[in-house]
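Bear in mind these aren't lab numbers, they're just calculated from the coordinates by the rules spelled out. Since we're looking at a predicted model, the values are computed, not measured. Using ideal geometry, Cβ is built from the backbone for each residue, glycine included, and neighbour counts are taken over all protein chains shown.
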Amino acid sequence: MPNWFKLDNAAQIYPPVLTGQWAAMFRLSADLTEDIDPQILSQAQERVLKRMPSFATTLRYGLFWFYLEHIDGQPPIVEDTNNPMQKINFRKNNHFMYRLLYYRNRIAVEFFHTLTDGTGGMTFLMTLISEYLSLRHGLQVPAGKYILDCCQPPQQEELEDAFMRYGQNKTLGIAENNSYQYWHSRTDFNKMMIISGSVSTEQLKQLARSYNAPIGTFCAGLLLYSALQLQKKDRRKRMKKKEVKISVPINLRQFFPSRTVRNFSAFVNPGLYGILGDYSLKETVEYVKNYFGIHVNEKRQLAKFSYNVAAQRNPLIRITPLILKIPALFIAYFTAGDLLYCSTISNLGNVSLPEEMAQYVERLDFMLGKAIMGRSMLGCVSYNGRTIFNFTRNIRETELERVFFSTLVDLGAEVFIESNGRE
């Protein structure tokens with residue numbers, strides 16, 4: 001295996017926007033049926049890092065690009081906290097770019113997005129739990145989706161930059177209008193607030209079916225509808241005229257076969273102009289469904305990410321020193337990224353595990369890290385008959401969450417709410 005890796009195309013944007021207190025993060029966790037033994041967890045982590053070497057890396061500054069360098073050892077295993085996804089102190093974390101935590105029966109991993117996306121992160125966590133259960137109970141968990149066989153050597157395709165593999169010359173511009181941003185007051189910058197809602201997946205499926213949409217489309221439509229309700233109450237004239245847009249990550253592996261555990265996702269930003277009139281939930285879900293039909297397909301996604309691949313391959317950009325690239329990438333993150341939406345929904349879908357492993361895993365959670373700008377972000381995953389919605393925010397206001405969950409309740413869903421407290 002190589003001693004260093006180029007950053008994948010999507011990862012290029014995250015190191016330049018690192019600040020002293022902020023990094024692009026996400027978190028995956030699993031609740032088991034028994035308390036965690038941290039010593040056995042450490043042994044499992046050692047095995048997984050040998051099988052998934054792209055996670056045994058640290059960020060380095062090159063002359064022209066950032067890159068990942070292989071490092072030995074493993075990050076310390078620490079107790080989980082009520083205030084998760086703080087920026088990783090790389091030095092204290094043995095220079096690793098993910099953080100491994102446990103608390104009672106929970107195992108959690110918090111990733112710096114440069115390392116991987118949700119699919120790669122889920123593969124790391126599920127492989128880790130598989131090894132942990134194997135060491136603790138002698139289980140033989142079969143390899144499959146999200147679970148790698150640690151008796152096998154790393155596979156080259158798992159380490160590839162799939163963007164560069166599939167990128168072509170036909171590109172599509174990525175310019176978009178900025179989105180409406182709802183009014184808010186910030187929490188302390190290091191404080192992340194969480195509101196979680198648990199819903200029966202079958203009940204959610206029936207609701208989505210009544211709107212003639214898949215669960216993911218229905219949930220995206222519900223979030224967009226909730227944001228539109230905030231704009232209706234907003235008194236700022238300038239924001240009244242803005243399009244209300246949300247961001248939805250797309251797993252590109254569904255269109256372009258790849259086993260990569262690195263980043264291979266793109267984003268679409270469906271939106272509506274509230275100034276044109278009131279949109280019912282039915283109209284909003286129907287719009288999002290049609291938007292996905294136009295934008296979430298192989299040809300359009302290929303043309304969009306090929307635009308970024310072409311920029312990376314550009315000879316002039318390649319020879320531009322990194323010290324000059326960093327300010328340009330920082331500006332691009334906001335002008336062609338953060339300002340384009342007012343909230344994000346990232347849905348990992350339904351996760352099924354082998355029976356040998358499923359008997360020990362009670363619940364899965366997926367959370368997005370706080371944004372640089374003030375807003376709420378939504379991560380969701382379905383497992384064991386429940387769908388868990390995790391809103392994470394760095395603002396005091398909870399109006400977006402209130403509209404989202406109260407609308408579900410009004411539709412007849414039973415929603416169980418949890419929170420990590422008030423600001």
Indicate, rounded to the nearest 5 percent, the antiparallel portion of the DSSP beta bridges found entirely in the chain. 85
On alpha carbon coordinates alone, what is the Rg over Rh value for the stretch 266-377, Rh being the Kirkwood radius? 1.06
Rounded to the nearest whole Å³, what is the per residue volume of the convex hull around the Cα atoms of the stretch 341-404? 95
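Kindly provide the helix-only [θ] at 222 nm of the chain, computed as the sum of -39,500 (n - 2.57) over DSSP H runs of four or more divided by all residues, to the nearest 500 deg cm²/dmol?
Calculated from helices alone, the mean residue ellipticity at 222 nm is -10000 deg cm²/dmol.
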Checked the stretch 1-98 with the C-alpha gyration tensor, a ≥ b ≥ c its square-rooted eigenvalues, rounded below a/c of 1.5, otherwise prolate if a/b is larger than b/c and oblate if not; verdict oblate
To the nearest µm²/s, what D does Stokes-Einstein give for the chain at 4 °C and 1.567 mPa s, using the Kirkwood radius over alpha carbon pairs as Rh? 58
Checking rank on 47-54, 90-97, with mean other Cβ inside 10 Å and highest first, the result is 47-54, 90-97
What is the dipole size for the stretch 4-149, taken about its Cα centre, with +1 at each Lys and Arg Cβ and -1 at each Asp and Glu Cβ, in debye to the nearest 20? 320
What's the center-to-center distance, using Cα atoms, between the stretch 132-175 and the stretch 341-360 in Å? 16
Proxy exposure order for Y61, Y211 (fewest C-beta within 10 Å first) is Y61, Y211
Would you please state which residues of the stretch 1-29 a label at Y307 would reach in this model, taking the label point 7 Å out along Cα→Cβ and a backbone N cut-off of under 16 Å? 10, 13
For a Förster distance of 22 Å, can you work out the FRET efficiency between the beta-carbons of T58 and N82, rounded to the nearest 0.05? 0.20
Ranked by how many other beta carbons lie within 10 Å on average, peptides 361-371, 345-355 from highest: 361-371, 345-355
Projected onto the charge dipole of the chain (+1 at Lys/Arg Cβ, -1 at Asp/Glu Cβ, origin at the Cα centre), which of H113, N290, W4 gives the Cα projection farthest towards the positive end? N290
Summing +1 per Lys or Arg and -1 per Asp or Glu among the other residues with Cβ less than 14 Å from Q254's Cβ gives +3
Show me 10-19, 125-134 ranked by packing, highest mean number of other Cβ atoms within 10 Å first. 125-134, 10-19
Classify the stretch 317-423 from the C-alpha gyration tensor, please: rounded if a/c falls under 1.5, else prolate or oblate depending on whether a/b exceeds b/c. oblate
Förster-model FRET efficiency, 25 Å R0, L411 and N384, C-beta, rounded to 0.05: 0.65
When every alpha-carbon pair in the stretch 206-354 is counted, what percent end up more than 27 Å apart? 35
